[in-house]
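Comments concern the structure below.
Please treat every number below as a calculation from the coordinates, not as lab data. Model, not experiment: these values are computed from the prediction. Note: ideal-geometry Cβ built from the backbone for every residue, glycine included; neighbour counts use all protein chains shown.
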Amino acid sequence: MSLNTFGHLFRVTTWGESHGPAIGCTVDGCPPGIALTEADIQPWLDKRKPGQNKFTTQRKEPDEVRILSGVFEGRTTGTAIQLMIENTDQRSKDYGDIAQAFRPGHADITYHQKYGHRDYRGGGRSSARETAARVAAGGVARAALAALLPGMRITGYMVQMGPHAIDRSRVDLNIVGDNPFWCPDPVAATDWAAFLDALRLSHNSVGAVIEVIAEGVPPGLGAPLYGKLDSDLASAMMSINAVKAVEIGDGMAAATLTGVDNADEIRMGPNGPEFLSNHAGGILGGISTGQPVICRFAVKPTSSILTPRQTINQRGEEIDLITKGRHDPCVGIRAVPVGEAMMACVLLDHLLLDRGQTGGLRGILG
């Protein structure tokens, strides 16, 4: 098994390499009758595409998506949807010097150890370029969610760059798109610009933490014990290239709380139960509560830097290596729309699973 597929009922298979002719995905399980054109998917790809400012890789890719199947007269047919994005700005010559060497922090050495043969041009399948296909699939999921759950909203944003975190008291999700970092704190966005500019000019890179929140998620999505919504969310986010940690709700910080502090107390409101806090991130026992679903993930620093690093080559010789080419000084910036896409795919998948098992029925309260 090559394991290029994720999802249960809404299933996504990505394909292609960083420096191949194209990348893309096959989306199977999308409900029929959903209004869908390239114009519905393209805005999400535009958020992720490279070369938009000096803080991202200068590789110039339009990332224009084409729908090859599964849509007729502007609506999904219920059959497999094939999406393709051409690669138009590859510079494979940048990788000639590392054809026989292993870049520290990259998957080069593990791919070689596992397969004995690898595409060294930009990392092939291990390249963050693969995430464009996920964002395209997320565009399909968003279109379906808009039809099935019109009140739901998914928003991703960066909450930390290196050691510099946002001030939660200044958060305004309406300004996330107003700066190059998808940052909800205008002061932090200004500070990050100066910080990352200095880091970029010193041939270095830095990690980041991304938060994705889904509002309007109905209660009842997810299933015990091996189909938990939070376990599938964690798996989806962890599968994104360069992600090293995932949290749901308070995450690791929950270990510092007492039971009194951590309990999300409940009262009865006019429209049903109301939670007085959301330490659980909208998921209890693997099932959504109806509160906002909150997920965070940590992205490591870009391993491709112009500062020499110690490594070895395929002959086992010790060398110092500089990774040339066009790379993100903070790959977490372009991970924001990827996290949003994975959230959309997982939520649609679990919505379809729930409808298949329960028909959308809910326990009676009051």
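How far apart, in nm, are the 7 Å Cα→Cβ label points at H279 and S202?
Inter-label distance under the simple model: 3.8 nm.
How large is the charge dipole for the chain, taken about the Cα centre, if only the Cβ atoms of Lys, Arg (+1) and Asp, Glu (-1) carry charge, to the nearest 20 debye?
Working: 35 positive and 39 negative charges, 157 e Å.
The calculated dipole for the chain is roughly 760 debye.
List the residue ranges in the chain for DSSP H helices whose C-alpha atoms run 20 angstrom or more along the long axis and whose Kyte-Doolittle average is 0.0 or above. Don't jump to the answer; show the numbers that get you there.
Numbers: long enough: 131-148 (25 Å, 1.21); 186-201 (23 Å, 0.79); 336-358 (33 Å, 0.73).
Going by DSSP H runs, the hits are 131-148, 186-201, 336-358.
What residues qualify as long-range amide H neighbours of A22, i.e. H under 5 Å apart, gap of 5 or more or another chain, H built at 1.01 Å from N?
Hits under the 5 Å cutoff: E17, N87.
Taking a cut-off of 13 Å between Cα atoms, list the aspartates and glutamates near K300, but don't count ones fewer than 8 places away on the same chain.
Here the aspartates and glutamates satisfying the reach criterion relative to K300 are D328.
Pairwise over distinct Cα atoms, reciprocal of the mean inverse distance: report the Kirkwood radius of the range 1-70 in Å, one decimal place. Let's see the in-between values first.
On the way: mean 1/r = 0.0703 Å⁻¹.
About 14.2 Å, per the Kirkwood formula over Cα pairs.
Using only alpha carbon pairs under 8 Å that are at least six residues apart, calculate the relative contact order of the chain and give it in whole percent. Each step should come with its number before you reach the end.
Details: 762 pairs, mean separation 79.1, N = 366.
Value for the chain: 22 percent.
Just tell me the longest site-free run in the chain, where the sites are GluC sites (Glu not before Pro) in a DSSP loop having at most 11 other beta-carbon atoms within 10 Å.
Longest gap between qualifying sites, sites excluded: 74-264.
Filter the chymotrypsin sites (Phe, Trp or Tyr not before Pro) in the range 167-266 to those in DSSP coil with at most 16 other Cβ atoms within 10 Å of their Cβ, and list the result. Walk me through the numbers before you get to the answer.
Working: sites: F181, W182, W192, F195, Y226; in loops: F181, W182, Y226.
Filter output for the range 167-266: Y226.
Label T77 and T190 with points 7 Å out from Cα along Cα→Cβ: what is the distance between them in nm?
5.5 nm
For the range 228-297, state the semi-axes of the equivalent ellipsoid (square roots of 5 times the eigenvalues of the alpha-carbon gyration tensor), sorted largest first and rounded to whole angstrom. Don't jump to the answer; show the numbers that get you there.
On the way: eigenvalues 120, 44, 13 Å².
Calculated on Cα positions only, the semi-axes equal 25, 15, 8 Å.
From a point 7 Å beyond the Cα of H8 in the direction of its Cβ, which residues of the range 323-366 have a backbone N at a distance under 19 Å?
342-363
Calculate the tail of P(r) for the range 278-319: the fraction of all Cα-Cα distances greater than 15 Å, expressed in %.
Working: 565 of 861 pairs.
So the pairs more than 15 Å apart make up 66 percent of the total in the range 278-319.
In square nanometres, what is the average projected area of the Cα convex hull of the range 30-160? Working shown, then result.
Values: hull surface 42.7 nm².
It is 10.7 nm².
Can you work out ³J(HN,Hα) from phi for every residue in the range 311-318, in order, using Karplus 6.51 cos²θ - 1.76 cosθ + 1.60 and θ = phi - 60°, giving whole Hz and x for Gly and Pro?
Residue by residue, the range 311-318 yields 7, 9, 10, 5, 7, x, 7, 7 Hz.
What is the dipole size for the range 28-82, taken about its Cα centre, with +1 at each Lys and Arg Cβ and -1 at each Asp and Glu Cβ, in debye to the nearest 20?
On the way: 8 positive and 8 negative charges, 74 e Å.
That gives a dipole near 360 debye.
Mind jotting down a quarter of the surface of the convex hull over the alpha carbons of the range 211-333, in square nanometres, one decimal? It would help to have the intermediate numbers written out before the result.
On the way: hull surface 45.8 nm².
Its average projected convex-hull area is 11.5 nm².
Over the alpha-carbon set of the chain, divide Rg by the Kirkwood Rh and report the Rg/Rh ratio to two decimals.
Reported Rg/Rh (Cα atoms, Kirkwood Rh): 0.98.
Return the loop-located trypsin sites (Lys or Arg not before Pro) in the range 269-337 (DSSP other than H, G, I, E, B) with at most 13 other Cβ atoms within 10 Å of their own Cβ; answer none if there are none.
R315
Too long at a 32 Å Cα-Cα cut-off: which of K47/K114; K114/K324; K49/K244?
Going by Cα-Cα distance, K47/K114 fall outside the 32 Å limit.
Any idea what the alpha-carbon Rg over 2.2 N^0.38 Å comes to for the range 192-239?
My calculation over the Cα atoms of the range 192-239 gives 1.86.
Is the shape of the range 109-203 rounded, prolate or oblate, going by the alpha carbon gyration tensor and its root eigenvalues a ≥ b ≥ c, with a/c under 1.5 for rounded and a/b larger than b/c for prolate?
On the way: a/c = 3.06, a/b = 1.18, b/c = 2.58.
Taking the square roots of the gyration eigenvalues as a ≥ b ≥ c, the range 109-203 is oblate.
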